[in-house]
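A.B. asks: Got a structure for you, written out below as structure tokens; questions coming shortly.
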Amino acid sequence: MTAFTQIVLDKIDGVATITLDRPEKMNAFTGRMGAEIAAAIDDTDADDEVRAVIVTGRGERAFCAGADLTPEDGGSVFSDPSAVDDLADERVRDGGGRLTLRLFSSRKPLIGACNGVAVGVGATMQLPFDIRLCSENARFGFVFARRGIVPEAASSWFLPRLVGMQTALEWCMTGRIFDADEALDRGLVRSVHPQGELMDAAMGIAREIADNTSAVSVAMTRAMLWRLGAGGHPMDAHRIDSRAIYRLSRSEDAKEGIASFLEKRPPAYPDTVSANMPDFYPWWEEPTYE
């Protein structure tokens, strides 16, 4: 396992937890932290024992209080600081976007447990999570317009899909901080919990996935819902649905799913994400940076 300095990766009984670990800086984001989170996702994707991933922050004050504008590693939080004329140059790329694209492509479900303040990249990095919970003291802010910049981390793609265009525009154009109740009311999070109960609630969802579902089914479902929901016509989804049902209905997992249901026992799915994804997966071509 990779040695990390700004996050901690724990794995217990099929559930991995990634903890942002700079509590003295309110878990402020650096380029190194982004690279370490991406490396942790590489690790969990490659580990067939991991069935779900929880992401949280250290302490009770902040999940991530935005970008550390003076990162200790001397690197740039956002794009490379070099002066370039060609905007297609790789050095122009936003660091937060590199991270959210990696989170988006995860093969394991991602559950966010937002334990406090989450502003700037602390908020946008959560958008590719599949399920988001927060503590009662959580505060969110898409504050970019108040810093003279624009929303980053591909949030212009993610945020309207989660909360609708009107809310996304309001939050981003005002840059105001809003509380957990508003995040719940507008659909950014699925539930709000006392601080001491947040991780138990997140773990409960992770265990529901890990104990009862097929890893291959979950990986396919995650990819289908994130990608096909943005298609131009339901026929796009029908083509992939049909192929997926055809292939997976003949799998060992499908046999086990039916057998465990009929025998009224917990399932023991044999297929793995590393070895048993359908032959047409991935059906999309990830766009390159140009």
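A.B. asks: With respect to Arg190, is the statement that it is closer than 19 Å to Phe158 by Cα, outside the structural domain of Lys255 (by TED's automatic domain parsing) and of a type in the set (D, E, K, R) true? Steps first, answer last, please.
C.D. replies: Numbers: closer than 19 Å to Phe158 by Cα: yes; outside the structural domain of Lys255 (by TED's automatic domain parsing): yes; of a type in the set (D, E, K, R): yes.
Yes; evaluated as a whole, the condition is true for this residue.
A.B. asks: Right, Val92: of a type in the set (Val, Ile, Thr) and under 27 Å from Phe178 (Cβ atoms) or not?
C.D. replies: Details: of a type in the set (Val, Ile, Thr): yes; under 27 Å from Phe178 (Cβ atoms): no.
It is false that Val92 is of a type in the set (Val, Ile, Thr) and under 27 Å from Phe178 (Cβ atoms).
A.B. asks: Free of Cβ contacts under 8 Å to residues at least 12 places away in the same chain and out of contact with any helix residue (DSSP H, G or I) (no Cβ under 9 Å at 6 or more places or on another chain): does that describe Ala3? Before you say what the answer is, go through the steps one by one.
C.D. replies: On the way: free of Cβ contacts under 8 Å to residues at least 12 places away in the same chain: yes; out of contact with any helix residue (DSSP H, G or I) (no Cβ under 9 Å at 6 or more places or on another chain): yes.
Yes.
A.B. asks: Considering only region 259-274, how many residues are in a helix (DSSP H, G or I) and in contact (Cβ under 8 Å) with a residue 24 or more places away in the chain? Show your work before the answer.
C.D. replies: The initial filter retains those residues of region 259-274 that are in a helix (DSSP H, G or I), namely 259-262, 273-274.
The next check asks that each one be in contact (Cβ under 8 Å) with a residue 24 or more places away in the chain; those that pass are 273-274.
Number satisfying all stated conditions: 2.
A.B. asks: For region 1-18, how many residues are under 9 Å from Val50 (Cα atoms) and not in a strand (DSSP E or B)? Talk me through it step by step, then tell me what you get.
C.D. replies: Step one: filter region 1-18 for residues under 9 Å from Val50 (Cα atoms), giving 11-16.
From the residues that got through so far, the ones that are not in a strand (DSSP E or B) too are 13-14.
The total comes to 2.
A.B. asks: Taking Val143, is it outside the structural domain of Met224 (by TED's automatic domain parsing), under 18 Å from Ala62 (Cβ atoms) and either among the aliphatic types (A, V, I, L, M) or over 16 Å from the mean Cα position of the chain (by Cα) (or both)? Walk me through it before giving the result.
C.D. replies: Details: outside the structural domain of Met224 (by TED's automatic domain parsing): yes; under 18 Å from Ala62 (Cβ atoms): yes; either among the aliphatic types (A, V, I, L, M) or over 16 Å from the mean Cα position of the chain (by Cα) (or both): yes.
Criteria met by Val143.
A.B. asks: A further question on this structure: Name the residue, out of Leu159, Leu198, Leu225, that is surrounded by fewer than 19 Cβ atoms within 10 Å (Cβ to Cβ) and in a helix (DSSP H, G or I). Let's see the steps before the verdict.
C.D. replies: Details: Leu159 fails: surrounded by fewer than 19 Cβ atoms within 10 Å (Cβ to Cβ); Leu198 fails: surrounded by fewer than 19 Cβ atoms within 10 Å (Cβ to Cβ).
When all the criteria are applied, what remains is Leu225.
A.B. asks: Among Ile18, Ile12, Ile7, Ile41, which is out of contact with any Asp or Glu (no Cβ under 9 Å at 6 or more places or on another chain) and either buried (at least 21 other Cβ atoms within 10 Å of the Cβ) or aromatic (Phe, Trp, Tyr) (or both)?
C.D. replies: Working: Ile18 fails: out of contact with any Asp or Glu (no Cβ under 9 Å at 6 or more places or on another chain); Ile12 fails: either buried (at least 21 other Cβ atoms within 10 Å of the Cβ) or aromatic (Phe, Trp, Tyr) (or both); Ile7 fails: out of contact with any Asp or Glu (no Cβ under 9 Å at 6 or more places or on another chain).
None of the other options fit; the residue is Ile41.
The values are calculated or read from the model by the stated rules, or taken from the named source; none is laboratory data. None of these values were measured; they are calculated from a predicted model. No Cβ is skipped: glycine too gets one built from the backbone with ideal geometry, and neighbour counts run over all protein chains shown.
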